[in-house]
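Data block below; observations after.
The values are calculated or read from the model by the stated rules, or taken from the named source; none is laboratory data. Nothing here was measured: the structure is a model prediction, and the numbers come from that model. Using ideal geometry, Cβ is built from the backbone for each residue, glycine included, and neighbour counts are taken over all protein chains shown.
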Amino acid sequence: MSKNSGNRSQRQKSRGNTERALNPASHGGLSAAFWVFAAAIIISPLIFFTNVTRNPYIIQNIIFRSLTAVSILLLLFSKKGHISFAKTYLDRPLAIYGVLITLSLSAAVIYYPQWKTAYFVFWGKRMIFFIFNCLAVFYISFLMAKDSYYKKVLIYALVATASISALYALMQYTGHDFIWPQNLHHYGSRSVSTFGNPTFIASFEVVIIILCLWGFSSSVTTLSTILWGFVFSLNFFALLITQTRSSWGGALVALFIYFIFALKKGL
């Protein structure tokens, strides 16, 4: 057997061990953590209370970070040895960024102690964002992606959330908003859906249309092909009606890269 084939077998064996270690039937703590995180992905972007707070994103952030914190706790309190923390390319950049944040805050407190209250309020928000919206999101998603079952759960949660939001965006655009009869934003005819800003939903849709193409390409039945085609069209039109040209450009680049890899793999 060649050296390359031996390495490939070893990688496949390692992957199989990882998937068995994350088997939902064996370890309830990990399963619960992943499902809670999937719930955070679905619930928080679809809730938009404009009449509750001056900044409607406060509610969304509280819901997302609370559910993410629960997911983290479930992961930490799951039995040892059930998670294989493989290294990623972002470990070092994220660690360096975290160190720079800590050093910057420490230097500010040492040299300008009279403003330490403002520092902790301002930097406290940034640290919360870094921990829950950056580190936690990346590493929980990474763990889910290592297991074939939860990888699909993660993808379907993202696509379902985007599709519901896209449908609502189309209803807004056509003047059939059944939730908020009054105009809630100053973006004219640009749809914002439950994201409150056309740029936010447009950036999300750039990622989602690629996932929809993946689902369409990997479909094995006529029904699933039709369903993925419909979902792709729904999210693609939602991206168009945001009228966010930078996201249109990003989508073109993403589609170009996707088709290059798809052709190489014969999809």
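On the basis of being under 26 Å from the mean Cα position of the chain (by Cα) and among the hydroxyl-bearing types (Ser, Thr, Tyr), does Tyr111 make the cut? Reasoning before the result, please.
Details: under 26 Å from the mean Cα position of the chain (by Cα): no; among the hydroxyl-bearing types (Ser, Thr, Tyr): yes.
So Tyr111 does not fit the description; no.
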Query raised in the report: Quick check, is Phe216 at pLDDT 90 or above and more than 30 Å from Leu75 (Cα to Cα)?
Result: yes
Report summary line: Expected single match for closer than 26 Å to Asn61 by Cα, in contact with an Asp or Glu (Cβ under 8 Å, 6 or more places away or on another chain) and part of a helix (DSSP H, G or I) among Leu211, Leu167, Leu158, Leu239 is Leu239
Report summary line: Expected output for segment 114-135 (first residue in the same structural domain as Ser71 (by TED's automatic domain parsing), partner part of a helix (DSSP H, G or I), Cβ below 8 Å, 6+ apart or cross-chain) is none
**Report entry** For Ser148: the one exception among (1) without any contact (Cβ under 8 Å) to a residue 60 or more places away in the chain; (2) surrounded by fewer than 16 Cβ atoms within 10 Å (Cβ to Cβ)
**Finding:** (1)
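Here is a yes/no grid of residues against (1) outside any helix (DSSP H, G or I); (2) surrounded by fewer than 20 Cβ atoms within 10 Å (Cβ to Cβ); (3) on the phi > 0 side of the Ramachandran plot:
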{"residue": "His186", "(1), (2), (3)": "yes, yes, no"}
{"residue": "Ser191", "(1), (2), (3)": "yes, no, no"}
{"residue": "Ala202", "(1), (2), (3)": "no, no, no"}
{"residue": "Val220", "(1), (2), (3)": "yes, yes, no"}
{"residue": "Leu255", "(1), (2), (3)": "no, yes, no"}
{"residue": "Phe261", "(1), (2), (3)": "no, yes, no"}
{"residue": "Lys264", "(1), (2), (3)": "no, yes, no"}
